[in-house]
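All remarks here apply to the structure that follows.
The values are calculated or read from the model by the stated rules, or taken from the named source; none is laboratory data. Note that the structure is predicted; figures quoted are calculated from it, not measured. With ideal geometry, Cβ positions are generated from the backbone for all residues, glycine too; neighbour counts draw on all protein chains shown. The protein model used for the area step is the full one, side chains on, heavy atoms only, and it has no ligands, DNA or RNA in it. Shrake-Rupley method; radii C 1.70, N 1.55, O 1.52, S 1.80 Å.
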Amino acid sequence: MRIILLLLFFSSLLSGYSQQVLPESQRAKVIDEILNVRFNDLLPGLMDQTEIDMWILISREYNEDPVLRTMLPATWLNARRRTILLFYRNKEKNTIDKLAVARYNVGENIESAWDKQKEPNQWKRLVQLIEERNPKKIGLNFSKDHNIADGLDKTDYEEFMKNLPKKLHSRVTSAEQLAVRWIETRTEREMVIYNQLVDITHDIIAEAFSEKVITPGVTTTTEVEWWMRQKVTDLGLRTWFHPTVDVQRTSEKLVGHLYSFSGRPDNMVILPGDLLHCDFGITYLRLNTDCQELAYVLKPNEVEAPVFLREAMKKGNQVQDFLTDNMIAGKTGNEILAKSLADAKAAGLRPAIYTHPLGSYGHSAGTTIGMWDAQGGVMKDDGENYPLNPNTVYAIELNTTVNIPEWKRDIRIMLEEAGFFGEDGFRYVNGRQTELLLIPRHKGYLER
């Protein structure tokens with residue numbers, strides 16, 4: 001009965017929403033079940049593919065390696081003291097050891113392998129475990145190109161190397177490829193959950209861009225931003241960045257891309273005839289969304305957006321299609337970017353593409369397909385040397401510039417949706433916007 005009442009309570013918070021937000025206890029259960037699959041089914045294959053048979057992660061409390069943070073059980077909000085995780089893969093025996101050189105088991109998957117009464121020195125115990133297994137490669141999380149794979153701090157690296165026997169130093173290597181694969185790869189169950197996560201995101205945007213929140217001539221862009229932020233909090237969720245809302249209208253000139261995110265004026269009063277744009281993402285069940293959508297504020301006697309804005313929206317969708325058609329396994333981000341931009345320009349479009357990995361983090365690790373200030377490709381980074389792998393998620397983020405004679409100016413159609421690249425190719429996680437949201441929603445039974 002208590003569980004039913006809890007579910008009814010949380011469902012009531014989402015009245016009008018298509019997905020239920022779970023209470024904390026059930027979220028923890030789901031998170032730990034997913035971790036079990038990731039450790040026992042996913043990780044062995046990733047270690048085989050990257051040819052690292054021992055992976056060691058070291059973190060201290062409140063200074064967690066971003067990869068190790070994704071491995072902690074739901075009841076661990078931080079590492080404890082110095083937490084050392086050791087994964088050893090024996091491919092011949094098809095086994096994987098999951099050990100913690102720590103005083104406690106790390107959840108149900110990682111067993112404590114340190115008895116301080118027998119060996120007071122944590123580093124010496126780690127070396128014993130390494131020597132007992134005699135790995136060919138010892139992967140550590142340091143990386144020049146992948147920030148999320150660079151979580152081993154200087155102190156712990158120096159302590160590790162000082163205690164590791166000299167004969168094993170040559171076996172130490174960067175675990176960057178393994179770390180990135182762990183962060184970017186999604187399991188089947190995670191993708192089921194992702195669909196719900198994106199659906200909640202779409203629902204919040206749809207409510208924010210409606211007459212329930214916006215009164216034209218009264219409501220400001222800043223007020224809508226804080227409404228979105230508060231809505232997330234009220235639902236028991238988190239947002240990984242502060243939402244933004246900006247306006248394009250006939251009396252304004254097109255400004256630089258940064259305007260929509262960090263240079264726009266606050267508290268702009270929303271007026272009829274405005275084209276609104278938002279950037280918004282939430283965190284739930286250790287996954288993240290990142291979404292940009294557009295809305296039009298109807299003028300008196302209008303029942304739909306002007307044709308020129310609807311046609312501009314179609315051009316934004318065209319750029320999306322050129323990009324997702326070019327997402328091919330094994331291609332690097334720079335290769336995908338160059339081909340997609342060329343195809344869109346050949347069709348007469350004026351595109352910019354800056355698509356990034358999405359998943360355990362909002363700006364996650366994996367294949368980077370352009371940046372807003374690097375349309376020629378990124379150098380010495382994910383896009384240059386890291387290929388597109390299956391079972392990965394991306395924020396399909398881009399824009400196209402469109403001239404609007406009726407407004408005597410250019411506008412920018414900025415779109416962002418979560419997309420999944422799987423064994424069978426690309427799909428949007430939970431659809432994409434193809435029509436402008438209308439404020440207020442048209443009530444068809446009323447004659448205008």
Can you classify the range 109-263 as rounded, prolate or oblate using the Cα gyration tensor, where a ≥ b ≥ c are the square roots of its eigenvalues, rounded means a/c under 1.5, and otherwise it's prolate if a/b beats b/c and oblate if not? prolate
Might you report the magnitude of the Cβ-based charge dipole of the range 95-158 about its Cα centre, with Lys and Arg at +1 and Asp and Glu at -1, to the nearest 20 debye? 140
What nm distance separates the two modelled labels at residue 37 and residue 131, each placed 7 Å from Cα along Cα→Cβ? 4.1
Out of the total accessible area of the chain (probe 1.4 Å, heavy atoms of protein only), what percent is carbon and sulfur? 50
Amide H to amide H under 5 Å from residue 293: which residues, 5+ apart in sequence or cross-chain, H placed 1.01 Å off N in plane? 278
What are the trypsin sites (Lys or Arg not before Pro) within the range 310-407 that DSSP puts in a loop, where the Cβ has at most 14 other Cβ atoms within 10 Å? 380
Relative contact order (%) - criterion: Cα under 8 Å, at least six apart; region: the range 139-207: 36
Can you tell me the orientation of helix 24-37 relative to the chain, as the angle in degrees between its alpha-carbon axis and the longest Cα principal axis, to the nearest 10? 60
Where nothing but the Cβ of Lys and Arg (+1) and of Asp and Glu (-1) is charged, how large is the charge dipole of the chain around its Cα centre, in debye to the nearest 20? 940
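Counting only heavy atoms of protein chains, what accessible area per residue, in Å², does the chain have with a probe of 1.4 Å?
Per-residue value: 45 Å².
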For the range 62-213, what's the relative contact order in percent, using C-alpha pairs closer than 8 Å and at least 6 residues apart? 17
If the range 313-448 were replaced by its equivalent ellipsoid, with semi-axes equal to the square roots of 5 times the Cα gyration tensor eigenvalues, what would those be, largest first, whole Å? 29, 19, 12
Relative contact order, percent, of the range 356-444 when contacts are C-alpha pairs under 8 Å separated by at least 6 residues? 20
Would you mind putting 272-285, 36-49 in packing order, based on average other-beta-carbon counts within 10 Å, highest first? 272-285, 36-49
What spacing in nm lies between the two simple spin-label points modelled at residue 347 and residue 406, each 7 Å away from Cα in the Cβ direction? 2.2
Cα centroid separation, the range 192-212 to the range 272-291 (Å): 8
Spatial extent of the chain: Rg and Dmax, with the Cα atoms as the point set, Å: 24.5, 84
How much of the calculated P(r) for the range 159-251 lies past 22 Å, in percent of all Cα pairs? 57
Just going by the charge dipole of the range 124-273, with Lys and Arg at +1 and Asp and Glu at -1 on Cβ, which of 267, 178, 161 is farthest out on the positive end? 161
For a 29 Å ceiling on Cα separation, which of these pairs sit above it: 98/162; 98/118; 29/331? 29/331
Could you give the angle, 0 to 90 degrees to the nearest 10, between helix 154-163's Cα long axis and the longest principal axis of the Cα atoms of the chain? 20
Relative to the first principal axis of the alpha-carbon coordinates of the chain, what is the inclination of helix 2-13, with its axis defined by its Cα atoms, in degrees from 0 to 90 and to the nearest 10? 40
With only Lys, Arg, Asp and Glu charged, each at its Cβ (+1 for the first two, -1 for the last two), find how big the charge dipole of the range 347-442 is about the Cα centre; round to the nearest 20 debye. 380
Convex hull volume of the Cα atoms in the range 279-338, per residue, in Å³? 142
In sequence order, calculated HN-Hα J values of the range 229-242 (Karplus, 6.51, -1.76, 1.60; Hz; x Gly/Pro): 4, 5, 4, 4, 4, 5, 7, x, 10, 10, 10, 8, 7, 6
Positive dipole terminus of the chain, leading residue within 193, 348, 54 (C-beta point charges): 54
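Quote the FRET efficiency, to the nearest 0.05, computed for residue 375 versus residue 91 with a Förster distance R0 of 30 Å and r equal to the Cβ-Cβ distance.
Numbers: r = 42 Å, r/R0 = 1.41.
The computed FRET efficiency comes out at 0.10.
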Obtain the nm distance between the two label points defined at residue 157 and residue 171 by a simple spin-label model: each point lies 7 Å from its Cα along the Cα-to-C-beta direction. 2.1
By average C-beta atoms within 10 angstrom, highest first, the peptides 205-212, 118-125, 389-396: 389-396, 205-212, 118-125
Of the convex hull enclosing the alpha-carbon atoms of the range 183-298, the direction-averaged projected area in nm² is 8.0
